[in-house]
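Peer 1: Shown below is the structure under consideration.
The values are calculated or read from the model by the stated rules, or taken from the named source; none is laboratory data. Because the structure is a prediction, the values reported are computed rather than measured. Methodologically, a virtual Cβ is constructed for each residue, glycine included, from the backbone with ideal geometry; neighbour enumeration extends over all protein chains shown.
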Ligand SMILES: Nc1nc2c(ncn2[C@@H]2O[C@H](COP(=O)(O)OP(=O)(O)OP(=O)(O)O)[C@@H](O)[C@H]2O)c(=O)[nH]1
Ligand SMILES: [Mg+2]
């Protein structure tokens, strides 16, 4: 039996509510560099979107039963006279990578984009937003910290297969997608079958600029390291397990202690 002591387990909330100095976005020094990280499920068009941004087939892409991209890599190009770096990552789910390997790849993606990330593009094929996408966003927050959503833009692919004029209406009519778009920094639509449509890239870069201005900077490596360190849940779980182990230990000790002799001697007093 476990003893229900004072509600010690509400302490994490107390500690989390304490004002702490969290790293903030780093101010943009100049407007010449943009670092973009592509995130999303396997096969949604991350590498293709990277190629569209860079206007060249730099990342390998295609349809496959297993994931095409298995390690994070960076490619750079001069776009509208600015140096744009695109970091392609392996997809969530459906990869053969273990949870640890995937986490390591995300860490690599942040370090490849040193000194930080101007935009995380969360890639989703238009019309295929599922529960898995919601779960991925939760994981993204888990890996990069809750403030990461200030730097995330939804990038819908398969723009060639949807009616552009209806996209906003469709988003408004779908509560889940609408909420996700609102929790991030808006959306863009890409047709990855047309690398020559440069307007779609120019529009995206403008949105990233506005977002960076609003955030007064970009997502930094320090923010990532902070997100990794503050695994309060893990800390409290260890503490809680330790606490229960101590209680169990003393209870077992008390049970094994032969106190019949003391009980016998105390019986007359108990009757009083
Ligand atoms: N029609 C159309 N096909 C697309 C578009 N974007 C991607 N595709 C196709 O989708 C398939 C997968 O694209 P990838 O770019 O390899 O997807 P990925 O997310 O990088 O996949 P993994 O690296 O395996 O995780 C390819 O066959 C692409 O040609 C798009 O906008 N329109
Ligand atoms: Mg890929």
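Peer 1: Anything in segment 59-94 that is at pLDDT below 75 and more than 7 Å from ligand 1 (Cβ to nearest atom)? List them, or say none.
Peer 2: If the condition is that a residue be at pLDDT below 75 and more than 7 Å from ligand 1 (Cβ to nearest atom), then 65, 66, 70, 92, 93, 94 are the ones that fit.
Peer 1: Regarding segment 163-174, can at least one residue be identified that is within 12 Å of the chain's Cα centre (by Cα) and under 20 Å from residue 39 (Cβ atoms)?
Peer 2: no
Peer 1: Right, something else. Being surrounded by fewer than 23 Cβ atoms within 10 Å (Cβ to Cβ) and without any contact (Cβ under 8 Å) to a residue 24 or more places away in the chain is the requirement here; does residue 131 meet it?
Peer 2: yes
Peer 1: Taking the condition surrounded by 13 or more Cβ atoms within 10 Å (Cβ to Cβ), in the same structural domain as residue 38 (by TED's automatic domain parsing), without any contact (Cβ under 8 Å) to a residue 24 or more places away in the chain and more than 16 Å from ligand 2 (Cβ to nearest atom), does residue 210 pass?
Peer 2: So residue 210 fails the test.
Peer 1: Restricting attention to segment 143-166, does a residue exist that is within 16 Å of ligand 2 (Cβ to nearest atom) and part of a loop (DSSP other than H, G, I, E, B)?
Peer 2: yes
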